[in-house]
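The values are calculated or read from the model by the stated rules, or taken from the named source; none is laboratory data. Computed from a prediction, not measured in an experiment: that's the story for all the values here. Glycine also receives a Cβ, built like all others from the backbone with ideal geometry; neighbour counts cover every protein chain displayed.
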Amino acid sequence: MADDHHQLLENIYNRAYEYEGKYGACPQAVLAALQDFFGNIDDSVIQAVHSFAGGGALCGDGTCGALVGGTAAINSQFGRKRSEFGQKTASRLKAFSFSKELRNKFVEEFGGVSCSEVQKNVLGRSFNLWDPADYKKFEEAGGHDDKCTDVAGKTARWAAEILLEKGVPPKI
């Protein structure tokens with residue numbers, strides 16, 4: 001990545017980290033940070049990924065919401081449009097390929113894609129986010145202080161790197 005993008009990537013990391021710490025919902029934190037610096041990410045996409053937080057409906061067994069947010073950002077730029085249903089478009093394969101790049105970086109860093117796997121890696125164990133006592137332990141372990149915030153920040157940075165590498169210009 002070119003040195004001229006270093007500060008941009010750092011700003012994106014910091015914004016996603018901040019949003020996750022303040023507001024939670026990691027997929028929204030990642031997407032909102034990327035929306036701040038790239039075009040073509042609509043508010044409705046941010047709304048649509050809300051309940052993917054915590055591995056989907058806060059259940060932990062699905063894909064980490066930060067990865068969902070980063071993938072949604074990539075697909076906002078390269079994903080297949082409804083008008084392209086039934087067509088063999090190049091964008092369809094680009095979106096899969098670029099999203100796989102993000103997934104590979106994520107797995108390399110966090111050891112898996114599920115929220116519970118990420119929690120075990122960064123927090124030492126997984127938590128039942130529906131159980132108030134366990135959720136309190138999640139917070140006490142740094143869930144929204146420096147753990148999931150870092151996951152959101154790194155994922156937003158990696159997604160931004162991919163967008164930049166693939167020719168998507170930043171807004172700023």
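Summary table below
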{"read-out": "Flag if Phe78 is surrounded by 20 or more Cβ atoms within 10 Å (Cβ to Cβ) and at pLDDT 95 or above", "value": "no"}
{"read-out": "Filtered residue count, the stretch 98-143, keeping only those that are assigned to a loop (DSSP other than H, G, I, E, B), touching a residue at least 24 places away in the same chain (Cβ under 8 Å) and farther than 13 Å from Thr63 by Cβ", "value": "5"}
{"read-out": "Failed item, numbered, when Ser76 is tested on (1) part of a helix (DSSP H, G or I); (2) over 14 Å from the mean Cα position of the chain (by Cα); (3) polar (S, T, N, Q)", "value": "(2)"}
{"read-out": "Selection count where residues are over 22 Å from Arg125 (Cβ atoms), out of contact with any Ser or Thr (no Cβ under 8 Å at 6 or more places or on another chain) and not β-branched (Val, Ile, Thr), scope the stretch 39-80", "value": "11"}
{"read-out": "Residue in the stretch 2-16 that is in a loop (DSSP other than H, G, I, E, B), touching a helix residue (DSSP H, G or I) at 6+ places or on another chain (Cβ under 9 Å), surrounded by fewer than 17 Cβ atoms within 10 Å (Cβ to Cβ) and at pLDDT below 95 present", "value": "yes"}
{"read-out": "Condition met for Ala95 (at pLDDT 95 or above and either more than 21 Å from Leu163 (Cα to Cα) or in contact with a helix residue (DSSP H, G or I) (Cβ under 7 Å, 6 or more places away or on another chain) (or both))", "value": "no"}
{"read-out": "Residue in the stretch 150-166 that is more than 25 Å from Lys22 (Cα to Cα), assigned to a loop (DSSP other than H, G, I, E, B) and at pLDDT 95 or above present", "value": "yes"}
{"read-out": "Matching residues in the stretch 17-31 - criterion: being part of a helix (DSSP H, G or I) and crowded, with 22+ Cβ neighbours inside 10 Å", "value": "Tyr17, Tyr19, Glu20, Cys26, Pro27, Gln28, Ala29, Val30, Leu31"}
